[in-house]
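Working notes for the structure below.
Please treat every number below as a calculation from the coordinates, not as lab data. Note that the structure is predicted; figures quoted are calculated from it, not measured. Positions of Cβ are backbone-derived with ideal geometry, glycine not excepted, and every protein chain shown enters the neighbour counts.
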Amino acid sequence: MEVTRQARAHVARLDLSTAQVAVLDGQAHTARALWNLLHEYVTFRQGRFPTVKECDTAIRAARHEIDWMGRLPAQAAQAVLKTYRQAWANFFDPGHPAKRPTFKARFRTRLAVDVPQARDLQVTRVNRRWGAVSLPKVGRVRFRWTRDLPGVTRGGPAGRITGARLVKDAFGWQIVFRTEAVVAAAPAAHPGPVAGVDRGIAVALALSDGTMREHGPWLRDGEKQRLRRLEKKSARQRRTRTPGRPTSKRLARTYDRIARLRATAKRRAVDWQHQTTTELARTFGVVVVEDLTITNMVRSASGTIDQPGRNVRQKAGLNRAITGQAWGRTVTLLEYKTRDRGGLMVKVPAPGTSQTCHRCGHRDSASRDGTRYSCVNPACGWAGHADTNAAINIRNAAGTAVSGRGDLGAARSAKRQPPHAA
C-alpha cells in the first residue's frame with residue numbers, strides 16, 4: 001500500500017523550575033534581539049540584499065563579540081536566520097498576504113525559541129501522565145503527555161519527530177512538537193452526506209440538516225466582571241505613568257492577569273472548535289462553507305476626518321463579535337480534518353446566501369428579519385430559521401465551488417446532488 005508522511009504539530013505543557021524558566025526567558029529575549037540585529041543589518045545595508053552566507057557570518061561575529069548572545073543555542077540562532085529570510089520571501093511573494101518584516105518590540109512579541117534538530121530532544125515517556133524531553137542549555141524537562149507521539153512509544157503511530165518550538169503564553173512555557181506520521185496516501189472516500197455550514201454570531205454554526213452547533217460564553221460572569229475591573233485598573237495605572245519611564249511592576253502584573261483571562265477564553269474557544277470540527281468531519285463526507293473575506297468584514301467604520309463613518313460603535317461591536325467567533329480558524333480545522341478522513345471541504349461564493357429563499361430561489365432582503373426568514377414570494381411563503389435557510393443555500397451551491405480540499409471524487413458527487421428542499 002502506498003503511504004505518505006503527514007506533517008502535524010502537537011502542543012504540550014512544560015513543567016519547569018524557576019531557574020529553567022529564567023533560562024528560557026533569556027534565550028527567547030536573545031532570539032528577539034538577534035532578529036532585530038539581523039533586520040538592522042539588512043535594512044541599513046547599502047546595495048544588494050545580503051546572502052545567507054553573509055548573514056551567517058554576521059551572526060557568528062556577533063556571538064563572538066557579544067557575551068550575552070551565547071545564551072541562545074547555535075542551532076536556535078540559525079533558526080532565527082531561516083525564519084527571518086522566510087519572512088522576506090513571503091513579503092516578496094505577490095500571492096502572500098505577509099507584510100514587510102519589522103523590528104520586534106520587547107513587550108509585544110511572543111517569546112519563542114526553536115529546537116530545529118530532533119536528535120537533541122531525546123523524547124521519552126515517563127509514565128501515563130508525563131513525558132521527558134531534553135532542551136539545549138536547559139536540561140531534562142518533563143511535559144504533559146496527552147497523546148502518543150510518532151516514533152516514540154512502542155506500538156504507537158509510525159513516524160518521527162522532526163523538531164520542536166518552545167513558546168511562552170499567559171500560562172507559561174509549552175513545547176510544540178513537529179511530527180511526521182506515516183499514513184495511507186489516499187484514505188478511503190468518506191461515505192457521509194453533504195452538509196452546508198453557515199457561520200454566524202447569534203448561532204455559531206448552522207447546518208443544512210436543520211441542526212445547530214452552539215456554545216456558551218467563553219468566560220463566566222465572574223470572570224467577565226474580573227476582566228472588566230482589571231481593564232479599568234490598567235487604565236488608571238496608565239494615566240499615572242510618567243511618559244518615557246519603564247512600565248511599573250504593578251501595571252505589568254495587571255497586564256499579566258488580563259492576558260491570563262483572555263488566554264483562558266481562547267483556550268475554551270479552541271477546545272470547542274476542535275471538538276465540533278472533529279464531529280463534523282466524522283459525520284459528513286462533504287462540508288460546504290462560504291468563501292468569506294473576513295479581514296474586509298471586520299474593517300473599522302470610523303472613516304476619515306473629511307468623511308466620518310456612521311454607526312461606528314455598533315460596527316465596532318459587530319467586529320468584536322466576528323473576531324471572537326474565529327471563523328477562519330474553524331475553516332482551517334475543517335480543511336485538514338475532512339481531508340484526513342477522506343472527505344472534502346468546499347468553499348462557495350458568499351453573496352446572496354442569507355437573502356435567497358432556498359425553496360423558490362426568490363431573493364429579497366426584506367425576507368430576513370434577524371434570525372427569522374419569511375419568503376415574501378406569494379407563491380412560496382416558506383418560513384423558518386434564517387441561518388438554516390442560508391446553510392441550505394450554501395449546500396446547494398456546492399456545484400459552484402471556488403475551491404476545495406480533499407477527495408475530488410466526493411466533489412463530483414456533491415455537484416450531482418439535487419437541491420435539498422426543507
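Below, the figures for the structure above:
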{"read-out": "Global form of segment 21-111, assessed from the alpha-carbon gyration tensor, a/c cut-off 1.5", "value": "oblate"}
{"read-out": "Hz values of 3J(HN,Hα) by residue in segment 274-283 - Karplus curve (6.51, -1.76, 1.60), Gly and Pro given as x", "value": "5, 5, 5, 5, 5, 5, 5, 5, 6, 7"}
{"read-out": "Fewest-first sequence of Met212, Met297 by Cβ atoms within 10 Å of each Cβ", "value": "Met297, Met212"}
{"read-out": "Helical mean residue ellipticity (222 nm; -39500 (n - 2.57) per DSSP H run of 4+; nearest 500) of the chain", "value": "-13000 deg cm²/dmol"}
{"read-out": "Acute angle (nearest 10 degrees) that the helix 74-92 long axis makes with the longest principal axis of the chain, alpha-carbon atoms", "value": "40 degrees"}
{"read-out": "Angle in degrees between helix 52-65 and the longest Cα principal axis of the chain, rounded to the nearest 10", "value": "50 degrees"}
{"read-out": "Long-range amide H partners of Ser208 with built H, under 5 Å", "value": "Gly196"}
{"read-out": "Cα shape, segment 145-258, gyration tensor, a/c 1.5 rule", "value": "oblate"}
{"read-out": "Angle in degrees between helix 221-239 and the longest Cα principal axis of the chain, rounded to the nearest 10", "value": "50 degrees"}
{"read-out": "J(HN,Hα) series, segment 329-344, from Karplus relation 6.51 cos²θ - 1.76 cosθ + 1.60, nearest Hz, glycine and proline x", "value": "5, 4, 5, 4, 5, 5, 4, 7, 6, 5, 5, 5, 9, x, x, 8"}
{"read-out": "Footprinting exposure proxy for Asp198, Asp387 (fewest neighbouring C-beta atoms within 10 Å first)", "value": "Asp387, Asp198"}
{"read-out": "Eligible lysines near Lys337 by straight Cα distance, threshold 19 Å, same-chain separation 8 or greater", "value": "Lys347"}
{"read-out": "Debye-sum result for the chain in log10 I(q)/I(0), which assumes one identical scatterer on each alpha carbon, at q = 0.07, 0.10, 0.11 Å⁻¹", "value": "-0.47, -0.96, -1.13"}
{"read-out": "Computed magnitude of the charge dipole of the chain (debye, nearest 20; Cβ of K, R +1, Cβ of D, E -1)", "value": "1940 debye"}
{"read-out": "Within straight-line cross-link reach of Lys137, lysines at Cα separation under 19 Å, skipping those fewer than 8 residues along the same chain", "value": "Lys168"}
{"read-out": "Within straight-line cross-link reach of Lys232, lysines at Cα separation under 16 Å, skipping those fewer than 8 residues along the same chain", "value": "Lys224"}
{"read-out": "Neighbour-count ranking [beta-carbon atoms within 10 angstrom, fewest first] of Thr242, Thr277, Thr264, Thr51", "value": "Thr242, Thr51, Thr264, Thr277"}
